[in-house]
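A short worksheet on the structure shown next.
The values are calculated or read from the model by the stated rules, or taken from the named source; none is laboratory data. The structure displayed is predicted, hence computed values, not measured ones. When we count neighbours, we look across all protein chains shown, and the Cβ atoms used for this are built from the backbone with ideal geometry, even at glycine. When the accessible area is computed, the model is the full protein with side chains, heavy atoms only, and any ligands, DNA or RNA have been set aside. Shrake-Rupley method; radii C 1.70, N 1.55, O 1.52, S 1.80 Å.
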Amino acid sequence: MPRTLLALLLALCGAAVSAEIRVQDDIGEQLVLEGPAQRVITMAPHLTELVYAVGGGDQMTATVAWSDFPAAAKALPVIGSNNKINYEALLQYQPDLVLVWLSGNGESMINRLKSLGLNVYVNKPRHLDDIPRTVLNIGKLLGREEAAESVVAVFRQAMKTLGDEYGQSRPVTVYYQIWQSPLMTFGGSHLVSDVMDLCGGRNAFADTAGLVPRLGVESVLAADPEVIVVGQYTEAETAFDYWRQWPQLRAVAGGHIYGVDPYLLHRHTPRIVKGARQLCEAIDRAR
């Protein structure tokens, strides 16, 4: 074989190998794409937001309900919700990448998607450090690495600024409520608990088992938090009035019951910086 032809073949093989994208997801599975994904379906609102954050909006094909940020995401076809989807509709879009959320979608749905021969990236965020890692992985899968690196740099600086401003202040005990009936909060392994630490707060139920534990009123009364933060999607004022029944609580006696925007604080995206500032400012008022 002529040397020039051999060199050309070797170069082509090398280019094919270099175009291959390899990423390990949050459950340790290796995902291999032949090139940047062009037909992406996201199975959670925060994953939709992350795709747009790295500039991949044009690569989005479909998503699930409540994918409402940025505004452009509202125009995407919706194939279901986080725990119930139309598999036939999903397959019609011929996705070359499906981004899923382990906690929200569940193992059964994820296994079903994999059984259909789809490229599935499993996201399992638990801590603040998981956000930049996820951004970088999605950026790589979409061929948007430079944009992802820029997003991560801004995010890390913003979180450092908050930590420097509030993290060394006097610790404040916080009860964070996400639901009224039954009473529900975030455990110590949840992302929001990390944000409390960043703000110099201490999650009153950090040691309670479960990611989203249910509580009895007696538990909150016993914890006697200095601050009550309500991060409910609905009826936040009802929660305020409910806790005012117990004026002996330090949070009630001091007037330290506050609301934060759950759409900012509960989604595992760089926008959590805005929600974190709301939480830090609320906690700081009790000092």
Does S81 meet the test of being farther than 19 Å from I131 by Cα, within 18 Å of the chain's Cα centre (by Cα), at pLDDT below 95 and not acidic (D, E)?
yes
Condition check: open to solvent by less than 20 Å² (accessible area, probe 1.4 Å) and either modelled with pLDDT under 95 or touching a strand residue (DSSP E or B) at 6+ places or on another chain (Cβ under 7 Å) (or both). Does V192 satisfy that?
yes
For region 246-287, the count of residues that are under 30 Å from F69 (Cβ atoms), open to solvent by 50 Å² or more (accessible area, probe 1.4 Å) and in contact with a His (Cβ under 8 Å, 6 or more places away or on another chain) equals 1
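Can you go through A73, A89, A53 and tell me which one is open to solvent by less than 20 Å² (accessible area, probe 1.4 Å) and at pLDDT 95 or above?
Working: A89 fails: open to solvent by less than 20 Å² (accessible area, probe 1.4 Å); A53 fails: open to solvent by less than 20 Å² (accessible area, probe 1.4 Å).
The conditions single out A73.
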Which ones in region 82-131 are polar (S, T, N, Q), touching a residue at least 12 places away in the same chain (Cβ under 8 Å) and farther than 26 Å from F186 by Cβ?
Q94, N119
Within region 126-155, the count of residues that are in contact with a strand residue (DSSP E or B) (Cβ under 8 Å, 6 or more places away or on another chain) and open to solvent by less than 20 Å² (accessible area, probe 1.4 Å) comes to 4
Please determine, by comparing only the residues of region 213-239 that are under 23 Å from the mean Cα position of the chain (by Cα) and surrounded by fewer than 14 Cβ atoms within 10 Å (Cβ to Cβ), which one is farthest from H266 (Cα to Cα).
R214
I'd like to know if region 144-154 contains one or more residues that are modelled with pLDDT of 95 or more, among the β-branched types (V, I, T) and over 12 Å from V54 (Cα atoms).
yes
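Confirm whether D207 is under 21 Å from the mean Cα position of the chain (by Cα) and of a type in the set (D, E, K, R).
Details: under 21 Å from the mean Cα position of the chain (by Cα): no; of a type in the set (D, E, K, R): yes.
Considered against the rule, which asks whether it is under 21 Å from the mean Cα position of the chain (by Cα) and of a type in the set (D, E, K, R), D207 comes out as no.
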Looking at region 15-47, which of the residues that are modelled with pLDDT of 95 or more and acidic (D, E) is most open to solvent (accessible area, probe 1.4 Å)?
E34
Go through (1) touching a residue at least 40 places away in the same chain (Cβ under 8 Å); (2) closer than 30 Å to R277 by Cα; (3) touching a strand residue (DSSP E or B) at 6+ places or on another chain (Cβ under 8 Å) and name the single condition V64 misses.
(1)
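Restricting to region 212-226, name every residue that is of a type in the set (D, E, K, R) and within 15 Å of I178 (Cβ to Cβ).
Here is the first cut: in region 212-226, the ones of a type in the set (D, E, K, R) are 214, 218, 224, 226.
The one that is of a type in the set (D, E, K, R) and within 15 Å of I178 (Cβ to Cβ): R214.
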Unmet criterion (only one of (1) touching a Gly at 6+ places or on another chain (Cβ under 9 Å); (2) free of Cβ contacts under 8 Å to residues at least 60 places away in the same chain; (3) of a type outside the set (D, E)) for Y166:
(2)
By residue number, the members of region 240-286 that are at pLDDT below 95 and more than 29 Å from the chain's Cα centre (by Cα) are D241
